[in-house]
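Just so you know, all these numbers are worked out from the coordinates, no wet-lab data involved. Everything quoted here is computed from the prediction, not taken from an experiment. Neighbour counts are summed over all protein chains in view; Cβ atoms, including those assigned to glycine, are modelled from backbone coordinates with ideal geometry.
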Amino acid sequence: MSPDSASLLIVLALAFAAPLVADLLGRRIPVPTVVFELLLGVLAGPSALDWVHEGAVLTYLADFGLAFLMFLAGFEIDPTRLSGRPLRRATLGWALSLVVGLLFGLLLVWSGSTMSRLVVGLALTTTALGTLLPILRDAGALPTRFGTQVMAIGTLGEFGPIVAVSLLLSGRNAGASAIALACFAAVTVVVFAFARRPLPDSLDRVVRATLHSSGQLAIRLAVLALALLVWAADELGLDPLLGAFAAGLVIRLLLSDMPAETRETVAGKLDAIGFGMFVPVFFVISGVRFDGRALFADAGTLALLPLFLALLLVVRGVPTYLMERGSPAAVRLGLALFASAGLPLIVVISGIGVEEGELRAGTAAAMVGAGMVSVLVFPLLGLRAYRGAVTADPALAER
């Protein structure tokens, strides 16, 4: 067996083991499966046992897993639920987070380049929407008003940084990046216009006929839309995650006129593909990539981890708490904690910084480590605050 095949086998075994470990330990403390995927990846990677060595196959699968995670995040978004006050507050909250995050980036990397400051600042403005949605769904909170608020906050915390990365970290001047972004927006609008129209009768018939057969046309269409918009974004020099996120929105819109049973079936199949295979591989490989040796190289670098963790609360949590005035204090606290949980885009943004030579490996490891801790701790505390609010006022759990 080749080294790549052996590493792939180990990664798949760890992905299989993660929910079992989560179920075993979650009887006392409910910990998201993604946390164990990351921790098992760290354990099997070069930082610990050194069992897994990332090759071309694992790199491709992990990249596709991240794209699929963004696709599923876009697919979960219901524009009708987010419109109005939730989206306005989330937009203002993220705009404030962007200003505060860039200010802290400037302070933390005072003597560094403009790009290094942007890397740190933008990483602090992220929210792990794709990671939070399964947690909310498993807790039964996704269809509630609280779930809608988290979805709006997470949408801006996911989509905003992706756009900012495309504009500010693409290596081109802002004007060229803005033109590329406008071109991608035009492509997306065309795709949206197509998606808003009902499927032709012949195509609709085949979609329904193959829903439970080997044809699976709806799933193939979703994967095609994902590949098309990721390709379009990449060709325009934008972050491919922007295309993946837009593809999820497109497929959601395309299915909106179909019967609820059909939509639920397609959603279940997409979840099975993403969370059954590709997304766990991404998180395990993210753990493998975690540079524990760089993090523990010196006390100063290690001290950055709690600093970045606190900054996530300040940059994302405080603006969210301020913008959600009118909600009970416990709900505001829960929303602030959910908003402060960030990981996938922290991995991506810090990786860009390291690749461009703008960020030390130890600093990147501290940022990713803070993201890992935030995903472990903040959603659990956020759910506890929300459940406490529901106990005091059961009306808060209404859909």
_What FRET efficiency comes out for Phe192 versus Ala227 if R0 is 22 angstrom and r is the Cβ-Cβ distance? Round to the nearest 0.05._
0.80
*When averaged across all projection directions, what area in nm² does the alpha-carbon convex hull of the range 88-246 cover?*
12.0
*Pairs of Cα atoms under 8 Å, at least six residues apart: use those to get the relative contact order of the chain, whole percent.*
27
*Kindly put Glu37, Glu54, Glu358 in sequence by how many other C-beta atoms sit within 10 Å of each C-beta, fewest to most.*
Glu54, Glu358, Glu37
_Shape metrics for the range 339-399, restricted to C-alpha atoms - Rg then Dmax, Å_ = 16.9, 52
*Label-point gap, in nm, between Arg325 and Thr210 - each point 7 angstrom along Cα→Cβ*: 5.4
*Share of pairwise Cα separations in the range 1-108, more than 19 Å, in percent*: 66
*Place a +1 charge on the Cβ of each Lys and Arg in the range 1-96 and a -1 charge on the Cβ of each Asp and Glu, then give the dipole magnitude about the Cα centre in debye, rounded to the nearest 20.*
700
*If each Cα of the range 3-397 is one equal point scatterer, what is log10 of I(q)/I(0) from the Debye formula at q = 0.09, 0.12, 0.14 Å⁻¹?*
-0.52, -0.95, -1.32
*Helix-only mean residue ellipticity at 222 nm for the chain, each DSSP H run of n ≥ 4 adding -39500 (n - 2.57), per residue, nearest 500*: -24500 deg cm²/dmol
*Unit charges at the beta carbon, dipole of the chain: most positive-side option, Ala260, Ala225, Gly243*: Ala260
*Fully extended contour minus Cα-Cα distance, from Asp257 to Asp138, at 0.36 nm per residue*: 40.2 nm
*Based on Cβ point charges of +1 for Lys and Arg and -1 for Asp and Glu, what charge dipole magnitude is obtained for the range 3-397 about its Cα centre, in debye rounded to the nearest 20?*
1160
*Quick one: order Ser327, Ser5 by neighbouring beta-carbon count within 10 Å, fewest to most.*
Ser5, Ser327
*Amide proton proximity set for Val31, modelled H, under 5 Å, gap of 5+*: Gly26
*Mind jotting down the distance between the C-alpha centroids of the range 260-294 and the range 55-89, whole Å?*
11
*For the residues Ser116, Ser97, what sequence is obtained by ranking on other C-beta atoms within 10 Å, fewest first?*
Ser116, Ser97
*For the pair Asp50 and Arg384, how long in nm is the line joining their label points, each one 7 Å along Cα→Cβ?*
3.9
*For the pair Ala176 and Thr80, how long in nm is the line joining their label points, each one 7 Å along Cα→Cβ?*
4.4
*Run the dipole for the range 47-184 about the Cα centre, Lys and Arg Cβ at +1, Asp and Glu Cβ at -1, nothing else charged, and hand back the magnitude in debye, nearest 20.*
660
